[in-house]
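Working notes for the structure below.
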Amino acid sequence: MTPQPKPADEVKIAALFDQLRQPARIQIMLIIREQPACVCHLVAALGLRQAAISQHLMALREAGWVTTRRESRNIYYSLSDKRLVNLIEQGALIADISFSEMEKISRRPLENCPCPQCHPELPPEYSCKSVPTGYQKKS
Ligand SMILES: [Zn+2]
């Protein structure tokens, strides 16, 4: 008789999928998969409140999937395990969803985002607060 896997193994895998239960977490992982992002960028990209984003980031950090790095006044989040992106991609395939459409959420820069990555030319006092009204990005 071949030994059956311990139920504990299945519990761990179920917990992994449980982390992915929230659509916002999938979106966050896609955004930070190649380039780190600060909280204000995630707020601008997802249109969620900062408190909600912080909660998702905390859960992802506790799972060990997200790491942080401080750069001047901002904390940047990045995806530590890129295999998670493959998992999301496989999920899209099974659900018959275009992954390349989903990926577009990670595009930068965002016009409405005040982070230094999207608006590097903004004076630091505006950084991650708000894009000044009437502000036009020079190209
Ligand atoms: Zn940004």
- Task: State whether the residues of the stretch 78-90 include one that is assigned to a helix (DSSP H, G or I), away from the ligand (no atom under 16 Å from the Cβ) and basic (Lys, Arg).
- Result: yes
- Message: Quick check on residue 11: is it touching a helix residue (DSSP H, G or I) at 6+ places or on another chain (Cβ under 7 Å) and either touching a residue at least 60 places away in the same chain (Cβ under 8 Å) or not basic (Lys, Arg) (or both)?
- Response: no
- Task: Output the qualifying pairs, or none if there are none: Cβ atoms under 9 angstrom, residues six or more apart or on different chains, first residue in the stretch 39-63 and within 12 Å of residue 128 (Cα to Cα), second residue of a type in the set (D, E, K, R) and away from the ligand (no atom under 14 Å from the Cβ).
- Result: 43/49
- Query: So, in the stretch 19-45, of the ones that are charged (D, E, K, R) and assigned to a loop (DSSP other than H, G, I, E, B), which residue ends up nearest to residue 82 (Cα to Cα)?
  - Reply: 33
- Counted residues, the stretch 3-30 - those being touching a Phe, Trp or Tyr at 6+ places or on another chain (Cβ under 9 Å) and β-branched (Val, Ile, Thr): 1
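Yes/no matrix, rows are residues, columns are (1) within 16 Å of the ligand (Cβ to nearest atom); (2) outside any loop (DSSP other than H, G, I, E, B); (3) modelled with pLDDT under 90; (4) among the acidic types (Asp, Glu):
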site	(1), (2), (3), (4)
57	yes, yes, no, no
61	no, yes, no, no
64	no, no, no, no
111	yes, no, no, yes
130	yes, no, yes, no
133	no, no, yes, no
137	yes, no, yes, no
- Message: Being out of contact with any His (no Cβ under 9 Å at 6 or more places or on another chain) and in contact (Cβ under 8 Å) with a residue 40 or more places away in the chain is the filter here; which residues of the stretch 117-127 pass it?
- Response: 124
- Task: Please give the number of the condition residue 122 fails out of (1) more than 17 Å from the chain's Cα centre (by Cα); (2) loosely packed, with under 13 Cβ neighbours inside 10 Å.
- Result: (2)
- Query: Looking only at the stretch 4-55, which residues are of a type in the set (D, E, K, R) and either within 16 Å of the ligand (Cβ to nearest atom) or under 21 Å from residue 109 (Cα atoms) (or both)?
  - Reply: 25, 33, 34, 49
- Message: Going through 48, 16 one at a time, which residue ends up being out of contact with any Gly (no Cβ under 9 Å at 6 or more places or on another chain) and in a loop (DSSP other than H, G, I, E, B)?
- Response: 48
- Confirm whether residue 104 is within 16 Å of the ligand (Cβ to nearest atom), of a type in the set (D, E, K, R) and outside any loop (DSSP other than H, G, I, E, B). yes
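The values are calculated or read from the model by the stated rules, or taken from the named source; none is laboratory data. Computed from a predicted structure; not experimentally measured. Ideal geometry is used to build each Cβ from the backbone, glycine not excepted, and the neighbour counts take in all protein chains shown.
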